[in-house]
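For reference, the structure is listed below as structure tokens.
The values are calculated or read from the model by the stated rules, or taken from the named source; none is laboratory data. Fair warning: this is a prediction, and the values are worked out from it, not measured in the lab. Cβ coordinates were reconstructed from backbone atoms using ideal geometry, including for glycine residues, and neighbour counts include every protein chain displayed. Please note that ligands, DNA and RNA were not included when accessible areas were found on the heavy atoms of the full protein model with its side chains. Shrake-Rupley method; radii C 1.70, N 1.55, O 1.52, S 1.80 Å.
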Amino acid sequence: MLQVLVGLWLVFFTATQALDNGLMRTPPMGWLAWERFRCDIDCEDDPQNCISEVLFRDMADRLAEDGWRELGYVYINIDDCWASKERDEQGRLQPDPKRFPGGISKLARYVHDRGLKLGIYGDLGTYTCGGYPGTTLDKIEIDAQTFAEWEVDMLKLDGCYSNASEQEQGYPLMSKALNATGRPIGYSCSWPAYQGGLPPKVNYTLLGEICNLWRNYDDIEDSWASVLGIVDWFTKNQDILQPAAGPGRWNDPDMLVIGNFGLSMDQSRSQMALWAIMAAPLFMSNDLRTLNSGARAILQNKAAISINQDVLGIQGRRLLKESNGIEVFWRPLSNKASALVFFSRRTDMPYRYQTSLQALNYTAGTYKVYDVFMEKPMPMLKDSTPFVVSINPSGVVMWYVAPSAEWKNEAMSSHFNEKLKSPKFL
Ligand code: GLA
């Protein structure tokens with residue numbers, strides 16, 4: 001009997017152990033190649049932009065030297081098309097020898113030397129979505145070991161060219177295999193993006209136990225329509241998605257496309273604000289070498305980042321959808337604070353939206369408000385006092401809101417101010 005109990009305890013203990021790698025207690029931040037650089041493998045004609053070690057070293061330099069790393073953008077992630085079309089004689093994945101002549105370990109060292117982390121891409125299936133060698137069930141262990149030997153810090157496991165039953169076996173198996181390597185490797189699962197259905201037929205409890213983040217939905221593109229489509233899908237399904245997120249387990253609405261060609265400045269602020277409210281991973285996919293100062297300011301906005309990175313890790317939700325095209329999003333934060341996003345879907349002119357904190361379910365009291373993109377504190381606000389925000393078409397107004405008593409409280413303000421290291425907040 002005792003043996004049975006010990007056995008059961010061991011099964012339970014190892015199971016729970018295997019489920020928590022202790023990583024990504026706040027949403028991961030960094031840079032990911034896919035949306036901006038796709039599967040450009042033409043290094044002869046396009047040496048600066050093709051998927052090669054040069055591109056990742058360039059971006060690592062930028063993350064380390066242009067203030068990104070200090071803000072939390074530490075992952076530099078390879079996506080599809082890095083691999084050679086053939087595995088090596090031992091059956092291991094290998095990088096394309098022309099484009100990654102130094103190999104992945106050397107690139108990992110380069111990245112680690114700069115205080116950053118390296119992510120890599122694989123696909124549970126016969127091929128990756130781009131047609132490179134995939135990780136079939138029999139290859140899971142060897143691939144996990146290879147990534148660990150290379151000292152990779154994160155794996156995005158895509159799901160092209162596999163069926164539902166292979167995915168059901170494969171995603172948990174890779175989780176175990178990564179843990180078994182002994183190297184902490186953040187695990188991004190594309191599994192739910194291949195399950196679909198409305199509402200999504202996805203076991204989010206299980207996902208939270210085996211993955212650190214997961215792609216729920218379609219790929220982002222460099223357009224406002226694409227961003228809006230993703231926001232709409234996430235909002236529509238928020239009752240299912242919101243409770244699934246928490247420290248170490250995040251819904252992933254896909255990359256930030258701020259700094260590319262498709263979004264206006266207002267739309268860029270909207271993506272940043274909504275991704276912060278959704279507690280989304282913040283992986284930029286842009287060209288950090290040529291980023292304009294407007295995009296940089298949005299992506300490096302300390303208050304937006306701090307809201308995204310709040311330690312409670314509670315995903316926000318849409319509170320209101322007005323018939324006039326205004327929507328209000330809200331996210332509870334630590335120290336009794338919260339974030340509000342007033343979002344306009346209008347296409348005419350800045351809209352003067354009138355409301356009050358009381359109307360947005362705030363409890364009675366006085367609040368201190370900081371405008372995230374204006375980067376300045378607003379006058380004290382009583383819950384019952386009506387106020388007006390002017391919201392640009394496809395733009396946002398984003399607020400950090402804290403009860404004024406709490407704001408004066410040292411613990412609370414030091415949390416916010418220290419994290420942001422910004423004298424403007426004091
Ligand atoms: C899928 C993924 C994308 C990207 C491509 C690569 O479409 O969802 O994020 O990784 O594959 O081929």
How high is the relative contact order of segment 36-153, in percent, with contacts defined as C-alpha pairs under 8 Å that are six or more residues apart? 24 percent
Quick one: how many Å² of Val328 are accessible to a 1.4 Å probe, rounded to 10? 0 Å²
Accessible-area order for Thr347, Thr135, Thr181, largest to smallest, probe 1.4 angstrom, reads Thr347, Thr181, Thr135
How big is the Kirkwood radius of segment 161-292, worked out from every pair of different alpha carbons and given in Å to one decimal? 15.8 Å
Rolling a 1.4 angstrom probe over the protein chains, ignoring ligands and nucleic acids, what is the accessible area of Arg109 in square angstrom, nearest 10? 140 Å²
Can you give the relative contact order of the chain as a percent, counting alpha carbon pairs under 8 Å and 6+ residues apart? 13 percent
Who wins for biggest fluctuation among Gln300, Gln90, Gln354 in a Gaussian network model of the chain, springs between alpha carbons below 10 Å? Gln90
Counting all Cα-Cα pairs in the chain, those more than 42 Å apart amount in percent to 16 percent
Of all DSSP beta bridges having both residues in the chain, the percent classed as antiparallel (nearest 5) is 60 percent
With each pseudo-label sitting 7 Å past Cα toward Cβ, what's the Glu221-Val388 distance in nm, one decimal? 3.9 nm
Given the protein chains as shown and a 1.4 Å probe, how many square angstrom of Leu23 are accessible, to the nearest 10? 30 Å²
Projected onto their principal axes, the Cα atoms of segment 25-99 stretch, largest extent first, over whole-Å spans of 41, 33, 19
Provide the percentage of antiparallel DSSP beta bridges, counting only those with both residues in segment 115-248; round to the nearest 5. 10 percent
Pull out the extension gain between Lys98 and Lys85, defined as 0.36 nm times the separation in residues minus the alpha carbon to alpha carbon distance; nm, one decimal. 3.5 nm
Once you have the Cα-Cα distance between Asn292 and Gln145, take 0.36 nm times their residue separation minus that, and quote the gain in nm to one decimal. 48.9 nm
At 7 Å along the Cα-to-beta-carbon direction for both Asp239 and Met265, put a label point, then send me their distance in nm to one decimal. 4.0 nm
Within the accessible area of the chain, what % is carbon and sulfur when the probe is 1.4 Å and the other protein chains stay in place? 53 percent
Taking Rh as the Kirkwood radius computed over C-alpha pairs, what is the Stokes-Einstein D of segment 85-167 at 25 °C in a medium of viscosity 0.890 mPa s, expressed in µm² per second? 184 µm²/s
Fully extended, how many nm does the chain gain between Arg109 and Leu137 (0.36 nm per residue separation, minus their Cα-Cα distance)? 7.2 nm
Inter-label distance, nm, simple model (7 Å from Cα along the C-beta direction), Lys376/Asp61: 3.9 nm
For the chain, which DSSP H helices look membrane-span-like by this rule: Cα extent along the axis of 20 Å or more and mean Kyte-Doolittle of at least 0.0? 2-19
Note to self: with every protein chain in place and a 1.4 Å probe, the chain gives an accessible area per residue in Å² of 42 Å²
Stokes-Einstein at 25 °C, 0.890 mPa s, Kirkwood radius from Cα pairs: D for segment 202-271 in µm² s⁻¹? 189 µm²/s
Treating the Cα atoms of segment 228-362 as identical point scatterers in vacuum, please give the log10 of the normalised Debye intensity I(q)/I(0) at q = 0.11, 0.19 Å⁻¹, two decimals. -0.40, -1.20
Report the residue, chosen from Gly115, Gly170, Gly248, that carries the largest GNM mean-square fluctuation when the chain is represented by alpha-carbon nodes joined by springs under 10 Å. Gly115
